[in-house]
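Read-outs throughout are calculated quantities, based only on the coordinates presented, and are distinct from any laboratory measurement. Every value quoted in this text rests on a predicted model; they were computed, and no experiment measured them. Cβ coordinates were reconstructed from backbone atoms using ideal geometry, including for glycine residues, and neighbour counts include every protein chain displayed.
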């Protein structure tokens, strides 16, 4: 953890103009809550490189389809996962590059010494 003190930089960071409004802070907190469940993180990793169906995700993670569907609903509501229908099959994938970046940066952060 970088604990260097740079008073000028720190005062800029703490100024009110840099703090988002309450609605944005609430939305950001809600987004981070979604990442607070390791099952959802596992599903995001399962979707990291390719779209997959609920049954494929469930099989690869040794979960029930119902449990996967429940978590996918939460991930979709948070706009982290999107869905695409192909005939009768629905395929899920990460919503956009931002989600890839969040996962990648989070992993880099925890791997720092």
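Tabulated data for the structure shown
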item: Listing of helices (runs of 4 or more DSSP H) fully contained in the range 12-79 that carry 3 or more residues being surrounded by 11 or more Cβ atoms within 10 Å (Cβ to Cβ), in contact (Cβ under 8 Å) with a residue 12 or more places away in the chain and under 12 Å from the mean Cα position of the chain (by Cα); result: 22-34, 38-46, 65-77
item: Qualifying residue in the range 82-94 (condition: assigned to a helix (DSSP H, G or I) and exposed (fewer than 13 other Cβ atoms within 10 Å of the Cβ)); result: no
item: Breaking point among (1) loosely packed, with under 15 Cβ neighbours inside 10 Å; (2) part of a strand (DSSP E or B), for residue 101; result: (2)
